[in-house]
Amino acid sequence: VFHGLILARSLVGQETRYEVEVKARYRHRSPLVSREYLWVPNTCGCPPLRPGAEYLLMARRHVNHEHTLNRILLEHDGYARPWTPREARLVREAARHC
(Lines give C-alpha, C1' and ligand atoms only; values in the text may rest on other atoms or scores of the structure.)
Protein backbone atom coordinates (compact mmCIF):
# COMPACT_ATOMS: atom_id res chain seq x y z
CA VAL A 1 0.00 0.00 0.00
CA PHE A 2 1.51 3.30 -1.04
CA HIS A 3 0.80 6.89 -2.07
CA GLY A 4 1.97 7.54 -5.61
CA LEU A 5 2.07 10.34 -8.16
CA ILE A 6 1.48 9.07 -11.70
CA LEU A 7 4.21 10.51 -13.92
CA ALA A 8 3.53 8.79 -17.25
CA ARG A 9 1.47 6.08 -18.94
CA SER A 10 2.55 3.86 -21.82
CA LEU A 11 1.30 0.74 -23.56
CA VAL A 12 3.73 -2.18 -23.65
CA GLY A 13 2.39 -5.13 -25.61
CA GLN A 14 -0.96 -6.07 -24.10
CA GLU A 15 -0.31 -4.22 -20.82
CA THR A 16 -0.32 -0.68 -19.48
CA ARG A 17 2.74 0.59 -17.63
CA TYR A 18 2.64 3.59 -15.32
CA GLU A 19 5.73 5.38 -14.10
CA VAL A 20 5.06 6.29 -10.47
CA GLU A 21 6.81 8.50 -7.96
CA VAL A 22 6.38 6.82 -4.58
CA LYS A 23 5.41 9.57 -2.11
CA ALA A 24 4.76 7.44 0.99
CA ARG A 25 4.80 3.76 1.91
CA TYR A 26 2.12 2.54 4.30
CA ARG A 27 2.41 -1.21 4.39
CA HIS A 28 4.53 -3.47 2.24
CA ARG A 29 6.36 -6.74 2.29
CA SER A 30 8.70 -5.81 -0.55
CA PRO A 31 10.79 -2.65 -0.53
CA LEU A 32 9.84 0.17 -2.89
CA VAL A 33 12.18 2.71 -4.39
CA SER A 34 11.31 6.36 -5.05
CA ARG A 35 10.39 5.63 -8.70
CA GLU A 36 8.61 2.44 -9.69
CA TYR A 37 6.75 1.03 -12.65
CA LEU A 38 3.21 -0.10 -11.94
CA TRP A 39 1.85 -2.64 -14.41
CA VAL A 40 -1.82 -3.20 -15.32
CA PRO A 41 -2.50 -6.41 -17.30
CA ASN A 42 -4.67 -4.77 -19.99
CA THR A 43 -4.45 -1.94 -22.51
CA CYS A 44 -7.48 0.01 -21.31
CA GLY A 45 -5.55 0.94 -18.16
CA CYS A 46 -8.38 -0.25 -15.92
CA PRO A 47 -8.44 0.96 -13.27
CA PRO A 48 -7.72 4.26 -15.07
CA LEU A 49 -4.94 6.38 -13.55
CA ARG A 50 -4.30 9.90 -14.84
CA PRO A 51 -0.76 11.23 -15.25
CA GLY A 52 -0.26 14.15 -12.84
CA ALA A 53 -2.76 12.76 -10.31
CA GLU A 54 -1.98 11.20 -6.92
CA TYR A 55 -3.47 7.90 -5.79
CA LEU A 56 -3.57 5.55 -2.86
CA LEU A 57 -2.59 2.20 -4.41
CA MET A 58 -2.71 -1.35 -3.15
CA ALA A 59 -0.79 -3.58 -5.53
CA ARG A 60 1.18 -6.77 -5.23
CA ARG A 61 4.71 -7.74 -6.12
CA HIS A 62 4.68 -10.29 -8.94
CA VAL A 63 7.71 -12.54 -9.37
CA ASN A 64 7.55 -15.38 -11.90
CA HIS A 65 8.76 -18.90 -11.17
CA GLU A 66 12.06 -18.34 -12.98
CA HIS A 67 12.68 -15.12 -11.00
CA THR A 68 13.31 -13.26 -14.26
CA LEU A 69 10.29 -10.98 -13.82
CA ASN A 70 9.86 -8.84 -10.72
CA ARG A 71 7.32 -6.05 -10.88
CA ILE A 72 4.45 -4.29 -9.14
CA LEU A 73 1.11 -5.44 -10.50
CA LEU A 74 -2.24 -3.67 -10.13
CA GLU A 75 -4.90 -6.14 -11.18
CA HIS A 76 -8.38 -5.20 -12.42
CA ASP A 77 -9.81 -5.64 -8.92
CA GLY A 78 -6.88 -3.80 -7.29
CA TYR A 79 -7.31 -0.79 -5.03
CA ALA A 80 -6.64 2.58 -6.65
CA ARG A 81 -8.32 5.63 -5.15
CA PRO A 82 -7.53 9.31 -5.53
CA TRP A 83 -5.22 10.33 -2.69
CA THR A 84 -6.59 12.69 -0.05
CA PRO A 85 -5.26 13.55 3.40
CA ARG A 86 -8.30 11.74 4.86
CA GLU A 87 -7.49 8.53 2.93
CA ALA A 88 -3.86 8.75 4.09
CA ARG A 89 -4.95 9.11 7.72
CA LEU A 90 -7.31 6.13 7.49
CA VAL A 91 -4.62 3.93 5.94
CA ARG A 92 -2.03 4.93 8.57
CA GLU A 93 -4.50 4.09 11.34
CA ALA A 94 -5.36 0.74 9.77
CA ALA A 95 -1.66 -0.11 9.30
CA ARG A 96 -1.01 0.49 13.00
CA HIS A 97 -3.75 -1.98 13.96
CA CYS A 98 -2.82 -4.72 11.47
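Some points to look at:
- Helix-only CD estimate at 222 nm, as mean residue ellipticity for the chain, using -39500 (n - 2.57) per DSSP H run (n ≥ 4): -4000 deg cm²/dmol
- The residues packed around P41, meaning those with a beta-carbon under 9 Å from its beta-carbon, carry a net charge of -2 if Lys and Arg are +1 and Asp and Glu are -1.
- Among the protein heavy atoms of the chain, carbon and sulfur supply 52% of the accessible surface, probe 1.4 Å, non-protein parts ignored.
- Residues with amide H under 5 Å from that of A24, placed H, sequence gap 5 or more: H3
- Gaussian network model of the chain, Cα within-10 Å springs - most flexible of L73, L32, L49: L32
- Contact order normalised by residue count of the chain, Cα under 8 Å, 6+ apart, percent: 28 percent
- Averaging the sequence gap over all C-alpha pairs within less than 8 Å and six or more residues apart, then dividing by the number of residues, gives region 51-98 a relative contact order of 38 percent.
- Along region 70-76 the Karplus relation, 6.51 cos²θ - 1.76 cosθ + 1.60 evaluated at θ = phi - 60°, assigns HN-Hα couplings of 9, 8, 9, 10, 10, 7, 4 Hz to successive residues, with x for each Gly and Pro.
- Rg ratio (alpha-carbon, reference 2.2 N^0.38 Å) - the chain: 1.05
The values are calculated or read from the model by the stated rules, or taken from the named source; none is laboratory data. Only a predicted model underlies this, so the values are computations on that prediction, with no experimental measurement involved. Note: ideal-geometry Cβ built from the backbone for every residue, glycine included; neighbour counts use all protein chains shown. For accessibility, only protein heavy atoms count, side chains too; no ligands or nucleic acids. Shrake-Rupley method; radii C 1.70, N 1.55, O 1.52, S 1.80 Å.
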